[in-house]
Amino acid sequence: MKSIFFFLLFFAVFSACSNAQLGKNTSTETIVTSNNISYEQWKKDAKSDIRLLPKFGNAVKNEAQNAADQELIEEYSKQEGTRQKGSEVLVNLGFHYYYQGDIKTAMYRFNQAWLLDPENENAFWGFASVYFALGNLSYALEELNEGLKLNPKSTKILTDIATIHMALFQNTNDEREFGKAINLFKQSYAIDPKNQNTVYKLSGAYLMKNDCNKALKYYNECKSLGGKPITKEYVDAIAVGCKI
């Protein structure tokens with residue numbers, strides 16, 4: 001079924017694209033980088049620009065760089081009241097650039113967010129989003145797992161880890177990846193059953209397995225919550241797959 005096949009392709013889009021949970025909800029969209037950069041080119045650029053690496057690549061900074069860092073910390077701490085609040089502002093700013101397709105500037109802001117608050121799991125969520133946009137699922141997963149250690153109850157991170165396992169399942173047809181995804185989606189759902197992104201993807205996961213009872217259950221739940229992540233393609237896919 002063509003509509004189902006299209007859904008399988010779009011389902012792997014990272015939830016940072018489909019649900020801006022630090023700000024307003026948005027519809028699912030694939031991030032097209034304005035930099036038009038491949039991961040290989042990104043690696044080359046990062047050799048001369050540590051800002052393209054999570055946590056600045058743990059590089060030892062020079063005096064001028066340290067001074068600039070301190071100035072940034074003081075500016076955002078004063079502006080927002082605390083380093084933690086300043087970090088959240090920078091994460092939001094990073095996703096603003098991410099949605100615009102400018103993943104280089106997004107990574108700069110995520111690094112600045114980490115600089116202000118190394119314990120902010122959302123900075124790692126941002127790092128992972130950039131790697132996902134570059135097509136490097138393994139690095140995205142590493143960053144998400146690091147963020148999850150800081151906040152094991154982050155539904156954003158749990159759902160995005162599950163999304164990566166769904167992408168791996170699509171790529172490999174390995175049932176173990178599907179099982180990991182479902183378990184993580186359920187963990188996220190247990191923490192926050194009103195997270196539309198999680199509910200939507202649970203529906204999609206079960207649709208992939210032709211389990212229409214569960215696919216429709218979560219689809220209807222998502223609709224009742226506002227249905228913001230639901231795309232026309234998915235509406236068509238579930239209509240065909242479950243004959244509704």
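The values are calculated or read from the model by the stated rules, or taken from the named source; none is laboratory data. Given the structure is predicted, the values throughout are model-derived calculations rather than measurements. Neighbour counts are summed over all protein chains in view; Cβ atoms, including those assigned to glycine, are modelled from backbone coordinates with ideal geometry.
Output the residues belonging to segment 62-93 that are touching a residue at least 24 places away in the same chain (Cβ under 8 Å) and among the basic types (Lys, Arg).
Selection gives 83 alone.
Could you tell me whether segment 203-222 includes any residue that is within 25 Å of residue 37 (Cβ to Cβ) and touching a helix residue (DSSP H, G or I) at 6+ places or on another chain (Cβ under 7 Å)?
No: zero hits.
Do we have any residue at all in segment 41-55 that's closer than 12 Å to residue 123 by Cα and not aliphatic (A, V, I, L, M)?
yes
Here's the yes/no breakdown for (1) in the same structural domain as residue 217 (by TED's automatic domain parsing); (2) under 19 Å from residue 110 (Cα atoms); (3) without any contact (Cβ under 8 Å) to a residue 24 or more places away in the chain:
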position	(1), (2), (3)
140	yes, yes, no
146	yes, yes, yes
151	yes, yes, no
159	yes, no, no
163	yes, no, no
166	yes, no, no
173	yes, no, yes
183	yes, no, yes
186	yes, no, yes
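Regarding residue 106, is this residue surrounded by 23 or more Cβ atoms within 10 Å (Cβ to Cβ) and modelled with pLDDT under 95?
no
For segment 145-159, check the following and say yes or no: at least one residue is under 13 Å from the mean Cα position of the chain (by Cα), under 25 Å from residue 60 (Cα atoms) and either at pLDDT 95 or above or among the aliphatic types (A, V, I, L, M) (or both). Explain how you work it out, then say what you get.
Initially, segment 145-159 is screened for residues under 13 Å from the mean Cα position of the chain (by Cα), giving 145, 147-148, 154-159.
Cutting the leftovers down to under 25 Å from residue 60 (Cα atoms) gives us 145, 147.
Okay, now just the ones that are also either at pLDDT 95 or above or among the aliphatic types (A, V, I, L, M) (or both), so 145, 147.
Yes, there is a match, as at least one residue in segment 145-159 is under 13 Å from the mean Cα position of the chain (by Cα), under 25 Å from residue 60 (Cα atoms) and either at pLDDT 95 or above or among the aliphatic types (A, V, I, L, M) (or both).
Checking the condition surrounded by 18 or more Cβ atoms within 10 Å (Cβ to Cβ) and at pLDDT below 95, which residue from 137, 115, 90, 141 passes?
137
Could you check segment 136-148 and list, in sequence order, the residues that are out of contact with any helix residue (DSSP H, G or I) (no Cβ under 6 Å at 6 or more places or on another chain) and small (Gly, Ala, Ser)?
First, the residues of segment 136-148 that are out of contact with any helix residue (DSSP H, G or I) (no Cβ under 6 Å at 6 or more places or on another chain): 138, 142, 145.
Selection gives 138 alone.
Only residues that are surrounded by 16 or more Cβ atoms within 10 Å (Cβ to Cβ), part of a helix (DSSP H, G or I) and in contact with a Ser or Thr (Cβ under 7 Å, 6 or more places away or on another chain): list them for segment 181-230, please.
Those that are surrounded by 16 or more Cβ atoms within 10 Å (Cβ to Cβ), part of a helix (DSSP H, G or I) and in contact with a Ser or Thr (Cβ under 7 Å, 6 or more places away or on another chain): 185, 188, 189, 197, 198, 201, 215, 218, 219, 222.
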